[in-house]
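Working notes, structure below.
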Amino acid sequence: MAQNHSFDIVSDIDLQEADNAVNQAIKEIQQRYDLKDSHTEITLDKKEKNISINTKDDYSLKASIDILQTKFIRRGISVKALKIGESEQAGGSRIRSKIDLQSGISKENAKTITKMIKDSKLKVTAQIQDEQVRVQAPKIDDLQAVIKLIRDAELDFPTQFVNMK
């Protein structure tokens, strides 16, 4: 049996599921009567990890974002991973908005997580490793308490728990 047990806290997005959600949103927008003539374009850039929406007015933009969020939820992707930018004019009477997909835990967020874990007074160690946080403890029960602590916390980014050893 291992001396120390561990797991990693990460914040990742399955880009294939995101692509499926975008494709489903495009289909629904094309079929909805109130959005048919808006000529809304939604594109996912997997390399840059962002989504751009180009449409005719504010109503179409808000409806498209709402549909996109619904499709993300149905695909099991947290809406917290979407960072919606400000809308801007895109030539003519069209409006454009960019949505960033948050992937990886930033240094500030990792520090917040480690501080929460240390303040909990559990007998665990938390280390920041690139864009993830590794938590180690001699008892699995302590690790499960940390998982519950992180899930119950109101963080503004999605978290997943991987590499449980």
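Couple of notes before you dig in:
- Relative contact order computed over the chain (Cα-Cα under 8 Å; 6+ residues apart), in percent: 34
- Taking N as the residue count of the chain, its C-alpha radius of gyration divided by 2.2 N^0.38 Å amounts to 1.28.
- Our summary gives the stretch 15-101 a relative contact order of 30 percent, counting only alpha carbon pairs under 8 angstrom and 6 or more residues apart.
- Rounded to the nearest 10 degrees, the angle from helix 140-152 to the longest Cα principal axis of the chain is 30 degrees.
- Ellipticity estimate at 222 nm from DSSP helix runs (n ≥ 4, -39,500 (n - 2.57)) divided over the chain, nearest 500: -12000 deg cm²/dmol
- Gyration tensor (alpha-carbon) shape descriptor, the stretch 15-101, a/c threshold 1.5: oblate
- In this structure the amide hydrogen of Gly85, modeled in the peptide plane, comes within under 5 Å of the amide hydrogens of Lys98, Ile99, Asp100, none closer than 5 places in sequence on its chain.
No lab work stands behind these numbers, since they all come straight from the coordinates. Quick caveat: nothing in here was measured; it's all calculated off a predicted structure.
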